[in-house]
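Here the structure comes first, spelled out in structure tokens, and everything after it is commentary.
The values are calculated or read from the model by the stated rules, or taken from the named source; none is laboratory data. In this text, all values refer to a predicted model and were calculated from it rather than measured experimentally. Backbone-built Cβ (ideal geometry, glycine too); neighbour counts: all protein chains shown. SASA here: full protein model, heavy atoms, side chains in, ligands and nucleic acids out. Shrake-Rupley method; radii C 1.70, N 1.55, O 1.52, S 1.80 Å.
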Amino acid sequence: MAAGRGRRAAAERFPARWKMQWHRVRVGLRRSAVDYFRGDGSDWVALAGLLLTVPLIAITTLANPVWCSPAALVLPIVAGGLLLRPASLLGLYAAAATALIVESVQLGPYTEGPSRVTPGVVLVVAACGLFGLLIAQFRSRVGVPWRRGGTMLFDLRERIRTQSRLPKLPAGWHREMALRPAGGQSFSGDFVVAARTNGGRTLEVVLTDVSGKGMDAASRALLLAGAFSGLLGSLPPHAFLPAANGYLLRQDWDEGFATSIHLVLDLDSGDYELYSAGHPPGLQLSAGSGRWEEKAAEGPLLGVYEGAQFDPVKGSLRAGDVLMLFTDGLVETSERDIVEGIDRLTGEADRYVAGGFHGAAWHLIEAVAKDVNDDRALLLICREGPTAQAQAQAQAQSSQAQSSQARSSQAQPAAR
């Protein structure tokens with residue numbers, strides 16, 4: 001009992017209480033900062049800081065107008081246009097106007113010397129304030145502050161990338177996907193959704209090219225990717241494209257069509273069906289003959305008319321065979337038709353036949369359509385033969401041996 005009372009007395013001492021209060025303050029400030037960054041918090045902190053900046057700039061200008069021009073008041077105005085709501089922004093503008101008036105009175109007429117408040121300075125400050133107010137009103141109407149806007153774009157990009165990940169395949173299979181948006185952007189109108197269905201025995205992959213490119217098609221691509229991901233595996237393979245077509249028609253977009261190709265692959269036998277909705281044909285490499293064969297299924301564009309039918313083309317992947325699926329941005333440009341683009345793609349792909357297609361998707365896009373201002377996507381499905389599997393195992397064993405050798409070499413100096 002005495003020990004317990006002693007601990008309670010120690011906890012009630014001033015240092016312990018001070019630490020507890022300091023911890024609460026830190027937690028509160030951190031939560032406020034997170035809310036402010038997300039756009040959920042008040043802007044009073046930013047307003048107070050900018051209001052303090054205005055008189056500081058005015059005092060510095062009066063003390064040394066050569067090094068601190070009266071036009072420096074545009075700095076808090078620009079920052080306020082990005083940080084504040086319209087109502088708070090008007091208060092900041094009133095403070096800046098007051099500072100300009102004080103500077104004009106204290107520095108004297110602009111005709112009596114340089115570094116004065118000239119009509120040009122007033123026009124520049126007023127123009128920056130007008131643009132800042134327009135930006136703040138636009139953000140207020142949209143309901144997304146600039147801090148949260150960047151987070152939403154980042155989240156959009158990561159969701160598209162997550163939905164485009166391909167599932168793991170059993171031994172003897174290799175898959176990889178490469179996507180290059182138009183203009184070097186982070187957003188693309190091309191996307192992939194994939195899933196292993198039928199108890200993991202079947203791989204279903206859908207490669208889609210939404211009309212438009214880059215940022216213009218990114219929002220529609222995200223919406224379609226979520227819808228297609230929900231449809232995939234929930235419907236029989238032959239019913240997927242008709243359901244996707246109906247979904248696009250219900251959206252009633254002005255530019256609402258898309259092309260899509262749907263692969264249904266049996267991972268045990270290698271047999272597959274390929275459904276197409278106005279998409280470029282798939283390409284299959286036969287290991288026996290070393291030739292590429294086009295796999296063109298019949299079907300109209302998605303989102304054009306109701307009751308569309310999609311007839312599949314069938315094939316089979318044997319040991320060493322490769323199947324390539326791609327979007328038209330990879331093989332078709334204004335200066336090159338699709339036939340020439342496919343010939344160029346297969347010619348570049350022949351270089352990887354001997355050494356295997358591991359890591360080839362990205363390099364193929366770079367070689368065939370590096371500077372094309374369009375979204376480009378390439379999907380490779382390889383059924384590896386015994387030689388390829390042996391090479392992969394040898395590479396894995398070699399990497400393990402190198403890592404173990406590195407650990408032993410690091411352990412030897414320590415032992416010495």
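What the table shows:
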quantity: Test set (1) farther than 30 Å from Ala87 by Cα; (2) modelled with pLDDT under 90; (3) not aliphatic (A, V, I, L, M) - Gly246 fails condition number; calculated: (2)
quantity: In the range 311-331, residue modelled with the lowest pLDDT [restricted to those that are assigned to a helix (DSSP H, G or I) and either open to solvent by less than 10 Å² (accessible area, probe 1.4 Å) or hydroxyl-bearing (Ser, Thr, Tyr) (or both)]; calculated: Gly329
quantity: Selected residue (only one of Ser269, Ser276, Ser286 is among the hydroxyl-bearing types (Ser, Thr, Tyr) and either open to solvent by less than 20 Å² (accessible area, probe 1.4 Å) or modelled with pLDDT of 95 or more (or both)); calculated: Ser276
quantity: Subset of the range 211-248 (residues that are open to solvent by less than 50 Å² (accessible area, probe 1.4 Å) and not small (Gly, Ala, Ser)); calculated: Arg220, Leu222, Leu224, Phe228, Leu231, Leu232, Pro237, Phe240, Leu241, Asn245, Tyr247, Leu248
quantity: Residues satisfying the stated conditions in the range 356-370, i.e. open to solvent by 60 Å² or more (accessible area, probe 1.4 Å) and closer than 17 Å to Leu285 by Cα; calculated: His358
quantity: Pairs where the first residue, in the range 181-195, is at pLDDT 80 or above and the second is of a type in the set (Ser, Thr, Tyr) and open to solvent by less than 10 Å² (accessible area, probe 1.4 Å), C-beta under 6 Å, 6+ apart; calculated: Pro181/Ser188; Asp190/Thr327; Phe191/Thr208
quantity: Test result for Ala3, over 38 Å from the mean Cα position of the chain (by Cα) and modelled with pLDDT of 85 or more; calculated: no
quantity: Matching residues in the range 240-284 - criterion: being out of contact with any Pro (no Cβ under 6 Å at 6 or more places or on another chain) and of a type in the set (Val, Ile, Thr); calculated: Thr259, Ile261
quantity: Among (1) modelled with pLDDT of 70 or more; (2) more than 15 Å from Ala72 (Cβ to Cβ); (3) outside any helix (DSSP H, G or I) - the single one Val144 does not satisfy; calculated: (1)
quantity: Matching residues in the range 50-72 - criterion: being touching a Cys at 6+ places or on another chain (Cβ under 8 Å) and touching a residue at least 24 places away in the same chain (Cβ under 8 Å); calculated: Ile57, Thr61
quantity: Of residues in the range 31-67 being assigned to a loop (DSSP other than H, G, I, E, B) and surrounded by fewer than 17 Cβ atoms within 10 Å (Cβ to Cβ), the one modelled with the lowest pLDDT; calculated: Asp40
quantity: Within the range 204-263, tally of residues that are of a type outside the set (S, T, N, Q) and closer than 24 Å to Asp311 by Cβ; calculated: 33
quantity: Restricting the range 332-368 to residues that are at pLDDT below 85 and under 28 Å from the mean Cα position of the chain (by Cα), the residue that is nearest to Gly183 (Cα to Cα); calculated: Thr333
quantity: Residue in the range 332-341 that is within 28 Å of Ala239 (Cα to Cα), in contact (Cβ under 8 Å) with a residue 40 or more places away in the chain and either open to solvent by 50 Å² or more (accessible area, probe 1.4 Å) or not hydrophobic (A, V, I, L, M, F, W, C) (or both) present; calculated: no
quantity: Which numbered condition Thr208 misses (of (1) surrounded by 22 or more Cβ atoms within 10 Å (Cβ to Cβ); (2) more than 22 Å from the chain's Cα centre (by Cα)); calculated: (2)
quantity: Residue check, Glu293 open to solvent by 40 Å² or more (accessible area, probe 1.4 Å), of a type outside the set (Val, Ile, Thr), within 25 Å of Glu348 (Cα to Cα) and assigned to a strand (DSSP E or B); calculated: yes
